[in-house]
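For reference, the structure discussed in these notes is given below.
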Amino acid sequence: MDSKEEMQMVDCGVLIFSPGTPIEERLYSLYHELSELILKHRPDEVAIEEPFIGSNVRSAFAIGRAQAIAILAAASQALPIYYYSPAKVKQQVTGYGRSDKHQMQEMVKMQLKLPQLPQPSDIADALAIAICHIQEHRFQQWLSDRV
């Protein structure tokens, strides 16, 4: 993306499973959906947020599994993968590394010129990771142009 190009949302969504869906079906569906999106949109790169490990170990394992599936889907298409910490994403998008969910949603809405707040907040999180990556890429390009 050229440094002067405006960012715009191309696609977004969430996968929702019934509570009784076995983990292997969830992970397969995630892999299949991500692979389809990669084939449909042909991205040049993939940005993934490093998981935040809080006190909920079960949640951390679930996030780690989903992250591994996203990495596998990108790697299967030989796409370069970039990783960003939650604090880095918040810093890039809002200017403050400890922003809350609502602040993130507001800034994502503003930067992408969306008509409403991205809902649910998981969508705002995913869009924020993309914004972070684009801004980081633009910054690195700016630095290399100065050398």
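Structure data summary
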read-out: Diffusion coefficient, µm² s⁻¹, Stokes-Einstein with Kirkwood Rh over alpha-carbon pairs of segment 15-84 at 25 °C and 0.890 mPa s; value: 188 µm²/s
read-out: Space enclosed by the convex hull of the alpha-carbon atoms of segment 85-147, per residue, Å³; value: 76 Å³
read-out: Correct choice for P(r) over Cα pairs in 5 Å bins from 0, in percent that was computed from the model, options (i) 2, 9, 15, 15, 15, 15, 13, 9, 4, 2, 0; (ii) 2, 9, 16, 20, 22, 17, 9, 3, 1, 0, 0, 0; (iii) 2, 10, 18, 21, 19, 13, 9, 5, 2, 1, 0; value: (ii)
read-out: K101 versus K40: modelled label distance in nm, points set 7 Å from Cα along the beta carbon direction; value: 2.5 nm
read-out: Span from the segment 5-59 Cα centroid across to the segment 115-144 one, whole angstrom; value: 15 Å
read-out: Axial C-alpha extent at least 18 Å, average Kyte-Doolittle at least -0.5 - helices from the chain (DSSP); value: 23-41, 57-75, 121-146
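Each reported figure results from applying straightforward, stated rules to the coordinates on display, with no laboratory input. Nothing here was measured: the structure is a model prediction, and the numbers come from that model. Backbone-built Cβ (ideal geometry, glycine too); neighbour counts: all protein chains shown.
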